Amino acid sequence: MLNSARINSLAWLALLLWAVTLVIRYWDAAGLDLSALYFAAKFFGDGFASDVYSTGDTLLGETPTVNWLMAGAAEGLEEHELTPYVYPPLWAALFSPLASNIGLRPFLQGGLLVLVPSLLVLIHASWRLSGRGIAWALWVLISVLVVELTAPFGLALDLMQPQILISALIVLAFAKLRENAWAVAGACLALAAALKGSPALLVVVLLFAGHWRAIAVFAAVGGGLGLLSILIAGWPLHLLFLERLALLDDAALLSRVNLSLQPIVALLLSGELSDPNAGYAWLKAPSWLSYLSLGITLTGLALGGLACRRGAWVLGLSLAWTAVLLASPLAWTHYAILPLCFVPALIGVFSNPRIGQVFVLAIVLASSKAFFAQLVGQPLYIAAIYGSAAALLAFVGLTTCTLRSFGARWHQA
């Protein structure tokens with residue numbers, strides 16, 4: 001008869017074998033998003049820092065520069081296969097020696113060997129954050145099914161998206177915080193924020209949860225990484241990066257893979273779409289929309305922090321990140337992998353298990369590859385509204401659950 005320790009060991013073995021299959025399956029994946037880091041790092045290393053970021057009137061750039069086209073052609077890529085670099089300058093500078101000395105394919109394969117272990121960290125850290133109330137073997141089984149069946153995980157792996165690593169760092173930070181390892185927690189969150197700025201918003205969660213020491217470590221590590229970035233990448237490249245980000249102030253991207261609420265509001269206000277079958281469309285966003293987004297974000301972050309303060313870690317982090325996802329100008333589908341990693345535990349956060357089951361089932365179905373496949377041939381606005389509606393459903397459900405838990409605790413007091 002198998003005891004729990006042996007079952008856990010077998011679960012680990014199965015998880016590692018599954019990870020090997022992921023490496024094999026995605027070894028030759030296009031990795032479009034990670035390729036952007038390769039080209040940006042290569043340009044920086046070769047002395048063409050001005051080509052690190054795209055040009056044009058939108059953040060993503062309409063047409064790659066000549067150097068991007070030439071570099072892509074040298075790697076066998078056509079123009080539509082080139083993705084602009086939208087990350088902080090630090091990483092282009094740090095990876096420039098590597099990118100200048102190897103080709104794109106070895107770079108992508110090396111990245112995959114980082115991202116797949118990061119996925120395992122994400123699975124294990126989410127289990128630890130949940131309080132380990134579910135058997136590890138069952139958590140592994142459900143997690144593997146979620147990764148295999150949902151579009152956000154599939155897209156993240158196919159694109160070799162750094163969001164896998166970022167999500168792992170975020171969840172690991174909160175798992176360490178729950179275990180009172182506040183120094184590691186602050187450092188992990190700072191590193192996640194250095195990779196992509198949006199995780200820095202989770203400091204508001206730490207603030208409302210009362211974890212001041214973790215905030216101090218976050219500030220120290222984040223400040224150190226910021227200084228390092230300026231030292232090795234130079235201030236002019238940072239100014240260019242900030243100028244590119246500023247293009248989002250009055251623009252909203254309507255896309256099949258953008259879950260943000262902003263472009264949907266902008267579309268409803270404009271009432272028109274020049275080409276319903278286009279791959280994407282930039283819309284004019286009113287100035288007040290940014291304030292609405294800020295309100296949604298701060299509400300979700302504050303409630304998430306209060307939930308964490310009361311020990312509801314899974315609910316708090318899921319709500320906080322869903323708020324960030326919903327209100328961000330660019331909330332790509334793969335951002336949803338963070339709340340989806342808590343699927344095994346989300347049923348338990350609802351006071352009524354039946355409601356929890358329906359909620360989780362709806363979220364999983366809405367995120368499934370089968371559902372997303374049905375949207376490929378749909379007009380742009382239908383696909384975009386569907387994605388934003390799914391994110392809004394998750395936000396409303398998690399917010400309601402959080403407020404009800406506060407009410408229950410208040411009545412008990």
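The values are calculated or read from the model by the stated rules, or taken from the named source; none is laboratory data. Just so it is clear, the model here is predicted, and its values are computed rather than measured. Note: ideal-geometry Cβ built from the backbone for every residue, glycine included; neighbour counts use all protein chains shown.
Taking the listed residues Leu294, Leu340, Leu315, Leu306, the one that is closer than 30 Å to Met160 by Cβ and out of contact with any His (no Cβ under 7 Å at 6 or more places or on another chain) is Leu340, with no other qualifying. Checking each residue in the stretch 270-304 for being more than 20 Å from Ala331 (Cα to Cα) and more than 22 Å from the chain's Cα centre (by Cα) picks out Ser270, Gly271, Glu272, Leu273, Ser274, Asp275, Pro276, Asn277. Per the listing Gly279, Gly387, Gly295, the residue uniquely within 30 Å of Leu195 (Cβ to Cβ), surrounded by fewer than 15 Cβ atoms within 10 Å (Cβ to Cβ) and either of a type in the set (Asp, Glu) or touching a Ser or Thr at 6+ places or on another chain (Cβ under 8 Å) (or both) is Gly279. Of the residues that make up the stretch 143-158, is at least one free of Cβ contacts under 8 Å to residues at least 12 places away in the same chain, surrounded by fewer than 18 Cβ atoms within 10 Å (Cβ to Cβ) and at negative phi? Checking the stretch 143-158: at least one residue is free of Cβ contacts under 8 Å to residues at least 12 places away in the same chain, surrounded by fewer than 18 Cβ atoms within 10 Å (Cβ to Cβ) and at negative phi.
Yes/no per residue for (1) over 23 Å from Arg404 (Cβ atoms); (2) in contact (Cβ under 8 Å) with a residue 12 or more places away in the chain:
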{"position": "Trp288", "(1), (2)": "yes, no"}
{"position": "Tyr291", "(1), (2)": "yes, no"}
{"position": "His334", "(1), (2)": "yes, yes"}
{"position": "Leu338", "(1), (2)": "no, yes"}
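Taking the stretch 346-369 as the range and being assigned to a helix (DSSP H, G or I) and farther than 14 Å from Leu393 by Cα as the test, the residues that pass are Leu346, Ile347, Gly348, Val349, Pro353, Arg354, Gln357, Lys369. Tell me whether the stretch 4-14 contains one or more residues that are in contact with a helix residue (DSSP H, G or I) (Cβ under 8 Å, 6 or more places away or on another chain), polar (S, T, N, Q) and either free of Cβ contacts under 8 Å to residues at least 12 places away in the same chain or surrounded by fewer than 16 Cβ atoms within 10 Å (Cβ to Cβ) (or both). Yes.
Within the stretch 42-64, being under 19 Å from Ser100 (Cα atoms) and buried (at least 20 other Cβ atoms within 10 Å of the Cβ) holds for Lys42, Phe43, Phe44, Ala49, Asp51, Val52, Tyr53. Elements of the type helices (runs of 4 or more DSSP H) sitting completely within the stretch 84-148 and holding at least 2 residues that are in contact with a strand residue (DSSP E or B) (Cβ under 6 Å, 6 or more places away or on another chain) and at pLDDT 95 or above: there are none.
Could you say whether any residue in the stretch 58-72 is more than 30 Å from Leu254 (Cα to Cα), in a helix (DSSP H, G or I), small (Gly, Ala, Ser) and touching a residue at least 24 places away in the same chain (Cβ under 8 Å)? Within the stretch 58-72 (the criterion being more than 30 Å from Leu254 (Cα to Cα), in a helix (DSSP H, G or I), small (Gly, Ala, Ser) and touching a residue at least 24 places away in the same chain (Cβ under 8 Å)), the answer is no, since none of the residues qualifies.
Screening Gly224 with (1) more than 22 Å from Asp33 (Cβ to Cβ); (2) outside any helix (DSSP H, G or I) gives one miss only, at (2). Just one residue in the set Leu403, Leu365, Leu317, Leu325 is within 16 Å of Gly300 (Cα to Cα) and surrounded by fewer than 24 Cβ atoms within 10 Å (Cβ to Cβ); that residue is Leu403.
Annotation: of all residues in the stretch 5-40 being among the polar types (S, T, N, Q) and farther than 14 Å from Arg105 by Cβ, the one that is nearest to the chain's Cα centre (by Cα) is Thr21.
So that you can scan it fast, the table gives a plain yes or no per residue for (1) surrounded by fewer than 22 Cβ atoms within 10 Å (Cβ to Cβ); (2) modelled with pLDDT under 95; (3) small (Gly, Ala, Ser):
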position	(1), (2), (3)
Phe174	no, no, no
Leu191	yes, no, no
Val203	yes, no, no
Leu207	yes, no, no
Ala214	no, no, yes
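Please tell me if Ala36 is among the aliphatic types (A, V, I, L, M), under 19 Å from His334 (Cα atoms) and in a loop (DSSP other than H, G, I, E, B). Taking the combined requirement at face value, the residue does not satisfy it.
Pairing each residue of the stretch 192-204 that is among the β-branched types (Val, Ile, Thr) with any residue that is part of a helix (DSSP H, G or I), provided the two are 6+ apart or on different chains, yields C-beta distances under 8 Å for Val203/Leu189; Val203/Ile215; Val203/Phe218; Val204/Leu298; Val204/Leu301; Val204/Ala302; Val204/Gly305; Val204/Ala320. For the stretch 254-262, indicate whether the set of residues that are surrounded by 15 or more Cβ atoms within 10 Å (Cβ to Cβ) and part of a helix (DSSP H, G or I) is non-empty. Yes, the stretch 254-262 contains at least one residue that is surrounded by 15 or more Cβ atoms within 10 Å (Cβ to Cβ) and part of a helix (DSSP H, G or I). Conditions: (1) of a type in the set (Gly, Ala, Ser); (2) under 13 Å from Leu34 (Cβ atoms); (3) surrounded by fewer than 20 Cβ atoms within 10 Å (Cβ to Cβ). Ala73 meets all but one. Number of the miss? Single failed check for Ala73: (2).
For the stretch 370-384, the criterion of being surrounded by fewer than 24 Cβ atoms within 10 Å (Cβ to Cβ), out of contact with any strand residue (DSSP E or B) (no Cβ under 6 Å at 6 or more places or on another chain), modelled with pLDDT of 90 or more and not in a helix (DSSP H, G or I) is satisfied by no residue at all.
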